[in-house]
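Peer 1: To start, I am sharing the structure in question, which I have written as structure tokens.
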């Protein structure tokens, strides 16, 4: 590592970033807060240091866009997985400033293992896989809720290896035809009333318009083609 190299630990957020800069030659450590989109202000800050720089930030909701943008501009920015960052057993205080300092010190000590930065195509494929997995989990949660709801009321749909919730989801008309206790019916009616409330409010709003506006709307409606 060159003596003129500057190491930077970044704690990246959506609207601001905390940068901790360490000079390996003098051991000087200083912290700055950058406000703005990371892909713009962080890269401008690193390029403005006027010396070779290596930076690292923790993977999170901000994704890998900063690392890809830095690679496109020739800046060495690496990403570290949160689970691979060494932490002391009693160290539970977590602030942006402390996180940035910890990252740059561990970076200088060579104790960080870096994550693979995927391309945009790889990340789009990951998003599709995650969406499929999320949909599968949502469906499973709905099946569990529905099956427990039906079992509490001793309602069963057929027999065999296919469970009650799967049969009910496959044939919702049969579920609507079942007699449910009074409290469930009241909740169902209350739900219908909640859905009808916006329509009633819309009718009241239309009724409160002036007669001139109503006649104008009627004329416009008469000009529309009819099926």
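Peer 1: Mind listing whichever residues of the stretch 42-60 are modelled with pLDDT under 90 and either surrounded by 16 or more Cβ atoms within 10 Å (Cβ to Cβ) or within 17 Å of residue 120 (Cβ to Cβ) (or both)?
Peer 2: 59
Peer 1: Checking residue 82 against (1) assigned by TED's automatic domain parsing to the domain that holds residue 64; (2) in contact (Cβ under 8 Å) with a residue 12 or more places away in the chain; (3) surrounded by 14 or more Cβ atoms within 10 Å (Cβ to Cβ), only one condition comes out false. Which one?
Peer 2: Result: residue 82 passes all but (3).
Per-residue answers, yes or no, for (1) in the same structural domain as residue 31 (by TED's automatic domain parsing); (2) at pLDDT 90 or above:
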{"site": "101", "(1), (2)": "yes, yes"}
{"site": "133", "(1), (2)": "no, yes"}
{"site": "137", "(1), (2)": "no, yes"}
{"site": "150", "(1), (2)": "no, no"}
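Peer 1: If you scan the stretch 125-147, which residues turn out to be surrounded by 11 or more Cβ atoms within 10 Å (Cβ to Cβ) and within 26 Å of residue 59 (Cα to Cα)?
Peer 2: 125, 126
Peer 1: List the number of the failed condition for residue 103; all other conditions in (1) free of Cβ contacts under 8 Å to residues at least 60 places away in the same chain; (2) closer than 15 Å to residue 6 by Cβ hold.
Peer 2: For residue 103, the failing item is (1).
Peer 1: Still on this structure: Is it true that residue 10 is surrounded by 12 or more Cβ atoms within 10 Å (Cβ to Cβ) and assigned to a strand (DSSP E or B)?
Peer 2: When the stated conditions are applied, residue 10 passes them.
Peer 1: Considering only the stretch 28-68, state which residues are in contact (Cβ under 8 Å) with a residue 60 or more places away in the chain and in a loop (DSSP other than H, G, I, E, B).
Peer 2: 63
Peer 1: Under 18 Å from residue 40 (Cβ atoms), touching a strand residue (DSSP E or B) at 6+ places or on another chain (Cβ under 7 Å) and surrounded by 13 or more Cβ atoms within 10 Å (Cβ to Cβ): does that describe residue 107?
Peer 2: no
Peer 1: Given the criteria in contact (Cβ under 8 Å) with a residue 24 or more places away in the chain and not in a loop (DSSP other than H, G, I, E, B), does residue 71 qualify?
Peer 2: Here the answer is yes, as residue 71 does meet what is asked.
Peer 1: Next question. Taking the condition in contact with a strand residue (DSSP E or B) (Cβ under 7 Å, 6 or more places away or on another chain) and either closer than 30 Å to residue 127 by Cβ or modelled with pLDDT of 90 or more (or both), does residue 69 pass?
Peer 2: It is false that residue 69 is in contact with a strand residue (DSSP E or B) (Cβ under 7 Å, 6 or more places away or on another chain) and either closer than 30 Å to residue 127 by Cβ or modelled with pLDDT of 90 or more (or both).
The values are calculated or read from the model by the stated rules, or taken from the named source; none is laboratory data. All values reported here derive from a predicted model rather than from experimental measurement. Here Cβ is always computed from backbone atoms with ideal geometry, including for glycine, and neighbour counts include all displayed protein chains.
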